[in-house]
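Trainee: Provided herewith is a single structure, encoded as structure tokens, for subsequent inquiry.
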Amino acid sequence: MTDSLTQFRSFLDTVLPDDYAVAYAGYREDEDLRRRFQAAMFDEGWLIPEWPHGLGGRDLPRTEALTIRIEGARLRIPREMNIQAAGVVAPALRTFGTPEQQERYLRPTLRGEAWWALGMSEPDAGSDLASLRTTAVRRGDMFVVNGQKVWTTQADGSRWCTLYARTDATAPKHRGISCLIVDMDSPGITVRRIRTAGPSIESFCEVFFDDVEVPADQLLGELNGGWRVAVSALEHERDMIWVHNWLEMQRALAPVLDDPARPSYANERVGRLLADTEAIRLTGMRSVGARTAGIYSPISGILKLFGSESVQRAAALALELGADEDEVPLDRFDEYLESMAATIYGGTSEVQRNIIAERVLGLPKGA
Amino acid sequence: MTDSLTQFRSFLDTVLPDDYAVAYAGYREDEDLRRRFQAAMFDEGWLIPEWPHGLGGRDLPRTEALTIRIEGARLRIPREMNIQAAGVVAPALRTFGTPEQQERYLRPTLRGEAWWALGMSEPDAGSDLASLRTTAVRRGDMFVVNGQKVWTTQADGSRWCTLYARTDATAPKHRGISCLIVDMDSPGITVRRIRTAGPSIESFCEVFFDDVEVPADQLLGELNGGWRVAVSALEHERDMIWVHNWLEMQRALAPVLDDPARPSYANERVGRLLADTEAIRLTGMRSVGARTAGIYSPISGILKLFGSESVQRAAALALELGADEDEVPLDRFDEYLESMAATIYGGTSEVQRNIIAERVLGLPKGA
Amino acid sequence: MNEATSTVTDRVIDWDAYIPREETQAIVEAARDHFAALFSADDIRRTYDGDPRPDLWEPLVEHGYTLIGLPEELDGLGTLVDLTALLEEAGRALLPAPLLTHAMAAQVLLTAGLLDETTASSRLAFARIRGGTLHVFDGTDADIAVAVDSADGMSVVRVFTLTGVDRDVIPAVDPSRPFARLALDDIPSREHACAEHRDVVVAAPRTCVAAELIGVAARALDGAITHALGREQFGRSIGSFQAVKHQLADAYVLVERARSLALGSAVALGASRDSAEGSRLSRLAKAAAGDAAAQSVALQTQLLGAMGLTFESDSPLAVRRARHTIPLLGNPGELYAAVAAEALGAVR
Amino acid sequence: MNEATSTVTDRVIDWDAYIPREETQAIVEAARDHFAALFSADDIRRTYDGDPRPDLWEPLVEHGYTLIGLPEELDGLGTLVDLTALLEEAGRALLPAPLLTHAMAAQVLLTAGLLDETTASSRLAFARIRGGTLHVFDGTDADIAVAVDSADGMSVVRVFTLTGVDRDVIPAVDPSRPFARLALDDIPSREHACAEHRDVVVAAPRTCVAAELIGVAARALDGAITHALGREQFGRSIGSFQAVKHQLADAYVLVERARSLALGSAVALGASRDSAEGSRLSRLAKAAAGDAAAQSVALQTQLLGAMGLTFESDSPLAVRRARHTIPLLGNPGELYAAVAAEALGAVR
């Protein structure tokens, strides 16, 4: 075992309750623990181990850091309350933020003290960011924002928002977009919560912007450079996506494998899912290996599609085999519902297939 | 049992060898029997039982005729040597042919005395008939034909050809096409046989037309009305397609079901294919039922896609389960190969899905 | 070829059974209009918040829906084919009233020869015995519950009188269709031995479940198509994307596949309620309907995107109805495998 | 959380094993060029007409391909990962020479501790005993055949000396890779009991088969893509049709899925030839490679249309190679089901 892994385990022993390993499911709703845990992860440099000391990391090499994160995920450490803060916003701040912005936002963002909403999807654009209609017009030292966002996760609890808005109406679609850091307490913002299909689907909101003033120094990245911020921010968590899916496969299949009455007719499908599980891990490792060697490898492009669809198949099988002729266990249904969301969020499976076909296989754009 | 069914069975008893039921596989290559059988079917009115006396039929009601044809298929009566003659060309002749054409061609076509090639596909058009480039230019009382056809089944043994050629270069794509009856012995025709992937794939040819003269009275249907002839000709055999696929499912699955060592892991897939088998039959019957009641029903639109893809899955399963760890039975491979052709001929599965989506589900044309 | 004609089974094909009847179409249209007038999708949503609609039952009885598929001597009308057509409409409407469970129980009683004027006019429900309790499917208001157990290749039909017996309501994946749980000791019941295999006794109820699931699938498919036609992305209606079209075409094939099998099953059982053919087709129909429903509701959700994951759309209603109902009387994989394990030699 | 840290297995992830090595890439590139220079697709077609290419073997030996994956003390070079990379190229080229069967037999001998200078320099082939005959896979010219039998959870490795023994050639689905059949009585042989389960002894050969099938799949996928880019229909390149793109993307996922499993298997077996992990991954890899090959060759044929059904294209060559090779050491369904039946509790 590497030193850092030993140290990480010691850290977990210190910070988590003694019965956490056996009782982690019950701690899922313990918000106080989750908050305290994230702060401790930041303070001790385990939050993003490859980042510098003082910024939630300890300057570990990339693969060693990934080993730590896999270990954490495997031990089901408490989830962050607002996952996109450290996962999406902090990396964007570090790459594109001004020194003042980094000074102001990074620490509370990483420590989990301030939540963030991602202001991307719009009613008529969906996952097509280039078609967004929300506008930000410069007036003096302010941008004035008007428009509407939808499917904004946790907007009702967020302190800030990375808002993507059109700042140049004359530029080609994706060139006229900028990213603004918006204080969600600003006058003119209305948040409406949308009821989701089940408790496993994180709350969504609609957010309305009516002449909302945003100071010009709250521009994140360059003016009309929002596209780059968005792409970079969403790609940062790529490794964590396969680790997450790999563990989700195990979680979904565990009760199936443990079931002494598992029917043999389903064995072929179960075996196929076991292969998917290993293939997600091994493809993830190949992708990290190629990056470590500095070689371009197209395989990271399949991880989202392959992983999320595999998890959905596993959850569907667990749901099917979990039903006792007539009664469907509610928890397995909730997990299935969550897996349905995984093929939609962050680029639907259809979009993923287009991307693979065009960028990896070299097929022409078009319908 | 209906009277006609009794009579049909008596007819088969008379015309087929005594051991046919048990030895039909061996008779598959008996070309003499196949020729004699088709002539007898025509003479006795069993070839197309719903057609008039003297034209291979006996004026039976549509469903009764279909019962006869299903019975024949079920008993694996000898295949016609040139299936498209009675199946595709004869119906077109009857619908679109002049009295002279019907007088000259119908009888030898139906009796199997003269083979036909279907001159449709072209090198750069494939299944897209509207893009064909072969031209037929009127010169005096002749059409002069130039161009090339490919994937023409049995062109090397055929006496005649229904050739689709462009007769109006200025009309929109599918409006400028005509159907000509071409004597394959005409000067200027060259036939090249293409080697197919296995014995179960009927021979293909390329056919080259170099200033081939075709008498103007050999136009089938109206000038520039070839599209209608083509569509009508291909639709005639719709009922026989589901009957064929239904029986192919049974043929593919019989050795799997008969195998005492059939592994249980495959039972779910086997059961799914049993459901497909019954669903093909029942969907076919629903389609006939709706037509009988004079009601439009969209379900006939799925029969080709659903049937041919099911047969391919069944053949693949039989191939997989037929292999004895290392050795693959050649006959099952040949059947699998034949099933691969079924999702290509007569409109690929991709084209079928477009047709269902657009014509049945009402989705817009487009990519 | 004397051998051929003597060894094959005579088969006269009953084409007439597959000609659509006007009576069936009339039932479908009446039910569709009637359900639309009785309740809305918002009413279904409200049942999720603990606001059930027991008031829907009486109008269903008044309109005669509970009589469809019953014999004439019990004032019944229509055939098993008509009943499946009606239940398909119930599924399409996501009817938040216990018509399916009632029909399932009535069909068991009919097959077992236990249906009489009293039972036919009671509120029936299909049930299952689990340990010392009775789980009644969609049975919070039922007066009589019917369960079928296997017993040495034969079966036992148990009829429970629930009137006045206390029951717990168990939360279900589809809250508009809760289970009732009762202690077995508390319930007066009669047992009837039945010479048929359980698969035969539940063949008609299975066909009923299949019909409802086909309706759910058809609703989800319609919803997906409507969305695909109206929704634009990258400047075009998403219904013009070929991948979307092909997914919808495949789902449509699954729906018609199930519909054909359900019709075949209803025809076979209508001709002979205890036929092996009917039992076999009912299992295949139920399996196929489960496939169609699972696939169609997933496709609707996927095409709707984030909206499909919220109650702003009807998609979660269909997902919950489908997933709640699919395992009833056996999930698809189980049924396919069972039919295959039985099958030896020729397919028919 | 002391319990957690004490109950979980220590797991240090060997990231280095997944960093591509230059040596492997060099083998791949050399083999690709070399195979292209050695023979053409027309040469493969000619083997179908009874014109085999025994002359291809010597150049393969001269270039050292038979040494890859063998230990240094036998003049071997490279790892099992290198061997799978080489065999993937052999599959991609549809090599009409018995490199796969040789490698399979050598790997069995290596695992069983039977590989020595004599056997390592012979022409080896993998074989199976069926009744009183020995069926040698791609073995018309082999000098030594190796078969592995199960025996009470352990296994027996049989080594047959074929030199000078008459053999029948059995027609195969892939005529470039015929079986040889020999009467068992005629062949001198040695038996070696092996304490490992057969699945362990054939784990490395299974990984070899997987690698070759991945190459076949990759070739078919490349062929399909090339065709889709060049071929126009309805006025557009068919590669711009979304349904075509999605089918190709799905096939690509299947290929990479198999490649990851084959690599994982080769890494695990390279670290420990008798590990349960290696045996398990080799079965999953072989199953996944079978899926990828079956799907890719079918897709190529489908996209090529009628041309794909003729020898005007390479499609039938790939179909025959894939279908001939897929059942070797177990078809996909069988392997998936076996791994699942073994799996209890946590996935890892």
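Any read-out appearing in this document is the output of simple, stated calculations on the displayed coordinates, not a laboratory observation. As the structure is a computational prediction, the values presented were derived from the model and not from experiment. All Cβ positions, even for glycine, are placed from backbone atoms using ideal geometry, and neighbour counts span all protein chains on display.
Trainee: Would you mind giving the mean number of other chain beta-carbons within 10 Å of the Cβ of each residue in C:295-306, as a whole number? Let's see the in-between values first.
Mentor: Working: counts 0, 0, 1, 5, 0, 0, 6, 7, 3, 2, 9, 15.
If you average over the peptide's residues, the count of other-chain Cβ atoms is 4.
Trainee: What fraction of the Cα pairs in region C:7-163, stated in percent, has a spacing above 26 angstrom? Kindly include the intermediate steps, with their values, before the conclusion.
Mentor: Values: 4310 of 12246 pairs.
The share of Cα pairs beyond 26 Å in region C:7-163 comes to 35 percent.
Trainee: May I ask you to order D:106-113, D:161-168 by the average number of other C-beta atoms within 10 Å around their residues, highest value first? Intermediate results must be reported in sequence, preceding the final value.
Mentor: Numbers: D:106-113: 22.4, D:161-168: 14.5.
Descending packing order for the listed peptides: D:106-113, D:161-168.
Trainee: Turning to a different aspect of this structure: Using DSSP to call loops (not H, G, I, E or B), can you name the GluC sites (Glu not before Pro) in region B:286-356 whose Cβ has at most 16 other Cβ atoms within 10 angstrom? Intermediate results must be reported in sequence, preceding the final value.
Mentor: Numbers: sites: B:GLU309, B:GLU320, B:GLU325, B:GLU327, B:GLU335, B:GLU338, B:GLU350; in loops: B:GLU325.
Answer in residue order: B:GLU325.
Trainee: Mind checking the angle between helix A:238-258 and chain A's longest principal axis? C-alpha axes, 0 to 90 degrees, to the nearest 10.
Mentor: The helix A:238-258 is inclined about 30 degrees to chain A.
Trainee: Here's a follow-up. Can you pull the three principal axis extents for the Cα set of region C:227-294, in Å, largest first?
Mentor: Over region C:227-294, Cα extents along the principal axes are 57, 15, 14 Å.
Trainee: So what is the calculated 222 nm ellipticity per residue for chain A, using -39500 (n - 2.57) for each DSSP H run with n of 4 or more, over all residues, to the nearest 500 deg cm²/dmol? Present the calculation step by step, with values, prior to reporting the outcome.
Mentor: Details: 12 runs with 157 residues, N = 367.
It comes out at -13500 deg cm²/dmol, rounded to the nearest 500.
Trainee: Go through region A:280-290 residue by residue and turn each phi into a ³J(HN,Hα) via Karplus (6.51, -1.76, 1.60, θ = phi - 60°); whole Hz please, and just put x for glycine and proline.
Mentor: Couplings: 5, 4, 5, 5, x, 5, 4, 5, 5, x, 5 Hz.
Trainee: Testing the spin-label approximation: label points 7 Å from Cα along Cα→Cβ at D:LEU229 and D:GLU73. State their distance in nm.
Mentor: 4.9 nm
Trainee: Now a separate question. Using the Karplus curve 6.51 cos²θ - 1.76 cosθ + 1.60 with θ = phi - 60°, work out ³J(HN,Hα) for each residue of region C:75-88 in order, rounded to whole Hz, and write x for Gly and Pro.
Mentor: 6, x, 8, x, 10, 4, 4, 5, 4, 5, 5, 5, 5, 4
Trainee: Which value in Å does the Kirkwood hydrodynamic radius of region A:227-360 take, with 1/r averaged over all unlike C-alpha pairs and then inverted?
Mentor: Values: mean 1/r = 0.0628 Å⁻¹.
This gives a value of 15.9 Å.
Trainee: Could you tell me which residue out of C:LEU86, A:SER264, D:SER40 lies farthest along the dipole of the protein assembly as shown toward its positive end? Charges go on the beta carbon: Lys and Arg +1, Asp and Glu -1, centred on the Cα centre.
Mentor: D:SER40
Trainee: Place a +1 charge on the Cβ of each Lys and Arg in region A:227-360 and a -1 charge on the Cβ of each Asp and Glu, then give the dipole magnitude about the Cα centre in debye, rounded to the nearest 20. Walk me through the intermediate numbers first.
Mentor: Numbers: 14 positive and 21 negative charges, 208 e Å.
It works out to roughly 1000 debye.
Trainee: Which residues among region A:129-144 fall inside the zone where the amide N is under 11 Å from a point 7 Å beyond the Cα of A:THR170, along Cα→Cβ?
Mentor: none
Trainee: Where in region B:320-361 does the label zone of D:ILE170 land, with the point 7 angstrom along Cα→C-beta and an amide N cut-off under 11 Å?
Mentor: B:324-330
Trainee: Which one of B:ALA216, B:LEU282, B:GLY56 is farthest out on the positive end of the charge dipole of chain B, using unit charges on Cβ (Lys, Arg +1; Asp, Glu -1) and the Cα centre as origin?
Mentor: B:ALA216
Trainee: Counting only Cβ atoms, what residue of chain C lies nearest to the axis that sends chain C onto chain D, and how many whole Å off?
Mentor: Here the nearest residue and distance are C:GLN242, 2.
Trainee: Per residue of B:348-356, how many C-beta atoms from partner chains lie within 10 Å of its own C-beta, taken as a mean?
Mentor: Values: counts 5, 4, 11, 2, 3, 10, 7, 2, 8.
Other-chain Cβ atoms within 10 Å of each residue's Cβ, averaged: 6.
Trainee: Please identify the GluC sites (Glu not before Pro) of region B:1-61 that satisfy two criteria: DSSP loop assignment and at most 14 other Cβ atoms within 10 Å. Which are they? Spell out each step's value before the answer.
Mentor: Numbers: sites: B:GLU29, B:GLU31, B:GLU44, B:GLU50; in loops: B:GLU29, B:GLU50.
When the GluC sites (Glu not before Pro) of region B:1-61 are filtered for loop state and at most 14 Cβ neighbours within 10 Å, B:GLU29 remain.
Trainee: Can you give me the distance in nm between label points at D:ASP149 and B:ASP156, each placed 7 Å from the Cα along the Cα-to-Cβ direction?
Mentor: Distance between label points: 4.8 nm.
Trainee: Can you order the peptides C:199-208, D:150-159 by their average number of other Cβ atoms within 10 Å per residue, highest first? Write out the running numbers ahead of the final one.
Mentor: On the way: C:199-208: 28.3, D:150-159: 15.8.
Going by the mean number of other Cβ atoms within 10 Å, highest first, we get C:199-208, D:150-159.
Trainee: Taking the inverse of the average 1/r across all pairs of different Cα atoms in the protein assembly as shown, what Kirkwood radius in Å do you get?
Mentor: Working: mean 1/r = 0.0287 Å⁻¹.
Answer for the protein assembly as shown: a Kirkwood hydrodynamic radius of 34.9 Å.
Trainee: Okay, moving on. Dipole magnitude of chain B about its Cα centre, charges +1 at Lys/Arg Cβ and -1 at Asp/Glu Cβ only, in debye to the nearest 20?
Mentor: 1280 debye
Trainee: As a footprinting exposure proxy, order C:ARG280, B:ARG159 by other Cβ within 10 Å, with the fewest listed first.
Mentor: Working: C:ARG280 24, B:ARG159 17.
Fewest-to-most Cβ neighbours within 10 Å comes out as B:ARG159, C:ARG280.
Trainee: Taking the Cβ of each residue in D:ILE68, C:ILE326 as the centre, tally the other Cβ atoms inside 10 Å and list the residues starting with the fewest.
Mentor: Working: D:ILE68 23, C:ILE326 27.
Fewest-to-most Cβ neighbours within 10 Å comes out as D:ILE68, C:ILE326.
Trainee: If I fit a long axis through the Cα atoms of helix A:62-74 and take the longest principal axis of the Cα atoms of chain A, what angle between them do I get, 0 to 90°, rounded to 10?
Mentor: For A:62-74 against chain A, the angle is about 60 degrees.
Trainee: Here's a follow-up. Which three numbers, in whole Å and largest first, are the semi-axes of the equivalent ellipsoid of region D:214-334 derived from its Cα gyration tensor as √(5λ)? Before the final figure, lay out each step's value.
Mentor: On the way: eigenvalues 197, 44, 19 Å².
Rounded to whole Å, the semi-axes are 31, 15, 10.
Trainee: Something else: How do B:SER339, D:SER315 line up, fewest other C-beta atoms within 10 Å first?
Mentor: Values: B:SER339 24, D:SER315 28.
Fewest to most other Cβ atoms nearby, the residues stand as B:SER339, D:SER315.
Trainee: Compute the projected area of the convex hull of the Cα atoms of region A:3-79, averaged over all viewing directions, and report it in nm² to one decimal place. The partial results should precede the final answer.
Mentor: Working: hull surface 18.4 nm².
That works out to 4.6 nm², a quarter of the Cα hull's surface.
Trainee: Here's something else I'd like to know. Read phi for every residue in region A:214-226 and hand back ³J(HN,Hα) as whole Hz from Karplus 6.51 cos²θ - 1.76 cosθ + 1.60, θ = phi - 60°, with x for Gly and Pro.
Mentor: With the stated coefficients, region A:214-226 comes to 10, x, 4, 6, 8, 5, 9, x, 7, 4, 6, x, x Hz.
Trainee: For chain A, what value does the Rg/Rh ratio take when both radii are computed over Cα atoms and Rh is the Kirkwood radius, given to two decimals?
Mentor: Values: Rg = 21.4 Å, Rh = 22.1 Å.
Answer for chain A: 0.97.
Trainee: Charges only on Cβ, +1 for Lys and Arg, -1 for Asp and Glu: so what's the dipole of chain C about the Cα centre, in debye to the nearest 20? It would help to have the intermediate numbers written out before the result.
Mentor: On the way: 31 positive and 48 negative charges, 262 e Å.
Roughly 1260 debye for chain C.
Trainee: Still on this model: How high is the relative contact order of region A:3-79, given as a whole-number percent (alpha carbon pairs under 8 Å, six or more residues apart)?
Mentor: Numbers: 70 pairs, mean separation 21.1, N = 77.
Relative contact order for region A:3-79 comes out at 27 percent.
Trainee: What does the average come to when, for each residue of peptide C:81-87, you count the partner chain Cβ atoms lying within 10 Å of its Cβ?
Mentor: On the way: counts 0, 0, 0, 0, 0, 0, 0.
For this peptide, the per-residue mean of nearby foreign Cβ atoms is 0.
Trainee: If I build a Gaussian network model for chain A, linking alpha-carbon pairs within less than 10 angstrom, which residue out of A:ALA318, A:ALA230, A:ALA275 has the largest mean-square fluctuation?
Mentor: A:ALA275
Trainee: Here is a follow-up. Based on the Cβ-Cβ distance from A:ASP19 to A:ASP183, what FRET efficiency comes out when R0 is 51 Å, to the nearest 0.05? Before the final figure, lay out the partial values.
Mentor: Details: r = 40 Å, r/R0 = 0.79.
Efficiency, from the Cβ-Cβ distance: 0.80.
Trainee: Going by Cα centres, region A:311-330 and region A:63-132 are how many Å apart?
Mentor: Result: 32 Å between the Cα centres.
Trainee: For label points placed 7 Å from Cα toward Cβ, what is the shortest-first list of nm distances from A:ARG139 to its copies?
Mentor: 7.9
Trainee: Next question. Give me the distance between the Cα centres of region C:283-348 and region C:202-245, rounded to whole Å.
Mentor: Using only Cα atoms to place each centre, the spacing works out to 13 Å.
Trainee: At 7 angstrom along the Cα-to-beta-carbon line, where would the label on B:PRO123 sit relative to the other copies? Give the distances in nm, shortest first.
Mentor: Values, ascending and in nm: 5.6.
Trainee: Pick from B:TYR164, B:TYR296, B:TYR336: which residue has the top mean-square fluctuation in a GNM of chain B where Cα pairs under 10 Å get a spring?
Mentor: Among B:TYR164, B:TYR296, B:TYR336, the largest mean-square fluctuation in the Gaussian network model of chain B belongs to B:TYR296.
Trainee: Normalised by the empirical 2.2 N^0.38 Å for globular proteins, what value does the Cα Rg of chain D take? Mind showing how you got there, number by number?
Mentor: Working: Rg = 20.6 Å, N = 348, 2.2 N^0.38 = 20.3 Å.
Against the empirical 2.2 N^0.38 Å value, I get 1.01 for chain D.
Trainee: Among A:SER300, A:HIS244, A:VAL229, whose Cα lies farthest out toward the positive end of the dipole of region A:228-320, if unit charges sit on the beta carbon of Lys, Arg (+1) and Asp, Glu (-1)?
Mentor: A:VAL229
Trainee: In whole angstrom, how far apart do the alpha carbon centroids of region C:136-162 and region B:210-275 sit?
Mentor: What the calculation gives is 47 Å, centre to centre.
Trainee: Under a plain spin-label model, where a point goes 7 Å from the Cα along Cα-to-Cβ, how far apart in nm are A:GLU100 and B:THR292?
Mentor: Between A:GLU100 and B:THR292, the simple spin-label model gives 8.3 nm.
Trainee: Net charge within 9 Å of B:ALA216 by Cβ-Cβ distance, Lys/Arg positive one each and Asp/Glu negative one each, not counting B:ALA216 itself?
Mentor: Details: positive: B:ARG138; negative: B:ASP141, B:ASP217.
It works out to a net charge of -1.
Trainee: Going highest first, how would you order D:285-298, A:91-104, D:219-232 by mean Cβ packing within 10 Å? Could you put the intermediate results ahead of the total?
Mentor: On the way: D:285-298: 29.3, A:91-104: 16.1, D:219-232: 20.4.
Packing order, densest peptide first, comes out as D:285-298, D:219-232, A:91-104.
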